[in-house]
1. Conditions first: (1) within 20 Å of Phe127 (Cβ to Cβ); (2) surrounded by fewer than 21 Cβ atoms within 10 Å (Cβ to Cβ). Leu327 passes all but one, so which condition is the exception?
2. All but one of (1) among the small types (Gly, Ala, Ser); (2) more than 10 Å from the chain's Cα centre (by Cα); (3) at pLDDT 95 or above hold for Ala313; state the number of the condition that does not hold.
3. Which members of the stretch 228-255 meet the condition of being in contact (Cβ under 8 Å) with a residue 60 or more places away in the chain and out of contact with any Asp or Glu (no Cβ under 9 Å at 6 or more places or on another chain)?
4. Of everything in the stretch 178-216, what is surrounded by fewer than 21 Cβ atoms within 10 Å (Cβ to Cβ) and in a loop (DSSP other than H, G, I, E, B)? Give them in sequence order.
5. Among the residues of the stretch 314-321, are any in a helix (DSSP H, G or I) and surrounded by 16 or more Cβ atoms within 10 Å (Cβ to Cβ)?
6. Right, Pro97: assigned by TED's automatic domain parsing to the domain that holds Gln322, assigned to a loop (DSSP other than H, G, I, E, B), over 23 Å from Leu371 (Cα atoms) and not hydroxyl-bearing (Ser, Thr, Tyr) or not?
7. Only one residue in Asp165, Asp88 is acidic (Asp, Glu), without any contact (Cβ under 8 Å) to a residue 12 or more places away in the chain and closer than 24 Å to Lys364 by Cβ. Which one?
8. Residue under question is Glu149, and the condition is that it be among the acidic types (Asp, Glu) and in contact with a helix residue (DSSP H, G or I) (Cβ under 8 Å, 6 or more places away or on another chain); does it hold?
Amino acid sequence: MVELWGVADTGTILIRGARQLLTLRGARGPRRGAELGELGIIPDGGLLIRDGVLLEVGPTRRLENLADARGAVEINAAGKVVMPGLVDSHTHLVFPPPGGTGLAEEGAAARLHSSTGQRLEGRIRSFLEAMARHGTTTVEAKTGCGLDESAELKVLRVLSAFAEDPLQVIPTFLLRIPEENGTRMLEWALGDLLPKIRRRNLAQFADLAWSDDPQQHAGFIKYLQAARNMGFRCKIHADGDTPAAVAMALDHMVVSIDHLERARAAEVALLAGACTVVTLLPVPAWRAGCIFPPARELVESGAAVALASNFNAHHTPTLSMQTVIALACLEMGLTPEQAISAATINGAHALGCAARIGSLEPGKAADAIILETSDYRELASRFGVNLVQLTIKSGRIIYKQGEVGPRAAVDLHPNW
């Protein structure tokens with residue numbers, strides 16, 4: 001279990017003395033171009049938190065003299081970095097499940113059917129707690145079981161149990177249209193499954209797994225239009241070199257186009273200045289030894305770029321957004337500042353919740369992490385090292401770095 005630490009309720013908390021407080025204050029829209037490199041750093045900075053919300057953000061000396069700070073629980077961040085919680089805006093948290101030797105959706109869906117809801121919840125919680133230990137405070141989770149209503153609804157019901165515990169989980173319905181009987185299955189999905197998901201409020205986003213088969217594109221348009229009419233916000237899961245996917249994403253004003261592995265100059269130009277966020281996933285390219293997405297070209301063009309892990313237990317079992325930031329800097333040419341912005345505020349924009357999270361500003365949720373370092377740039381170089389000392393979600397301390405040392409057997413939890 002993630003170690004809980006602090007008072008029973010959020011109350012008032014003063015985080016003081018941060019050597020570098022990264023506020024990410026800035027424009028209301030997604031950060032792009034030069035804005036992506038502006039972290040809004042306050043030396044010797046502090047946060048004043050009340051009932052889960054940021055009350056004040058600024059220099060420690062000013063905050064500790066405020067009347068609202070009297071009686072607050074104090075957290076000393078001297079010599080450390082304080083920054084917004086990391087936002088992982090593209091994961092497959094549940095599907096496909098771990099185990100098995102093949103990639104077939106049928107086999108993976110069968111493993112879901114054979115797992116009880118309690119077992120799925122336990123597995124998901126272990127993933128979320130590991131994410132919390134590595135500084136993630138908000139995570140998106142896709143379905144994607146194919147047109148298997150039972151499996152899709154099972155995944156969404158389980159995800160609904162984790163709305164804010166321990167992290168904010170934002171569920172996304174991911175539609176995969178099969179090549180055979182695709183038209184019939186699409187009609188069923190739009191007439192039955194998607195309306196059912198909407199009525200039960202089980203997903204916030206409707207995502208679409210792209211195919212370059214032009215015979216499917218009319219169905220894709222129908223899906224995006226129908227989903228938006230039902231009240232979903234839409235995404236496109238590009239997964240490759242897909243000029244048509246970029247064009248459709250912009251035509252239908254999707255919130256984000258994810259897993260864009262390659263983009264030529266024409267697509268980069270189309271994405272420059274667009275409202276659609278481009279969510280890049282460096283871990284899959286690194287694991288597969290492939291060419292990395294053109295992050296620098298997209299940033300220099302003015303596109304809004306986010307970073308995410310693509311975590312899934314079967315293919316991409318990497319859940320640390322710190323690793324994602326490091327890879328983006330080491331392999332994709334981003335600066336530490338750009339990568340941090342892409343993994344926080346732009347990730348929040350990719351999930352449509354930047355008004356609440358992604359930066360440290362008064363009125364926003366108190367989602368913050370304290371790093372065991374005096375310089376944020378170490379996130380780009382200390383690959384594979386967990387720098388998080390403390391994770392705070394909505395003003396509640398959900399993880400505190402533990403001590404290393406011998407323990408008596410009687411101290412061990414019986415379920416360990």
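1. Here Leu327 meets the rest and fails (2).
2. Result: Ala313 passes all but (3).
3. Pass one, the stretch 228-255, residues in contact (Cβ under 8 Å) with a residue 60 or more places away in the chain: 233, 235, 237, 255.
Passing the criteria: Arg233, Val255.
4. Of everything in the stretch 178-216, those that are surrounded by fewer than 21 Cβ atoms within 10 Å (Cβ to Cβ) and in a loop (DSSP other than H, G, I, E, B) turn out to be Pro178, Glu179, Glu180, Asn181, Arg200, Asn201, Leu202, Gln204, Asp212, Asp213.
5. Of the stretch 314-321, the ones in a helix (DSSP H, G or I) are 321.
Retained after the next criterion (residues that are surrounded by 16 or more Cβ atoms within 10 Å (Cβ to Cβ)): 321.
Yes; the residues of the stretch 314-321 include at least one that is in a helix (DSSP H, G or I) and surrounded by 16 or more Cβ atoms within 10 Å (Cβ to Cβ).
6. Working: assigned by TED's automatic domain parsing to the domain that holds Gln322: yes; assigned to a loop (DSSP other than H, G, I, E, B): yes; over 23 Å from Leu371 (Cα atoms): yes; not hydroxyl-bearing (Ser, Thr, Tyr): yes.
Spelling it out, Pro97 is indeed assigned by TED's automatic domain parsing to the domain that holds Gln322, assigned to a loop (DSSP other than H, G, I, E, B), over 23 Å from Leu371 (Cα atoms) and not hydroxyl-bearing (Ser, Thr, Tyr).
7. Values: Asp88 fails: without any contact (Cβ under 8 Å) to a residue 12 or more places away in the chain.
It is Asp165.
8. On the way: among the acidic types (Asp, Glu): yes; in contact with a helix residue (DSSP H, G or I) (Cβ under 8 Å, 6 or more places away or on another chain): yes.
So Glu149 passes the test.
The values are calculated or read from the model by the stated rules, or taken from the named source; none is laboratory data. As the structure is a computational prediction, the values presented were derived from the model and not from experiment. Ideal geometry is used to build each Cβ from the backbone, glycine not excepted, and the neighbour counts take in all protein chains shown.
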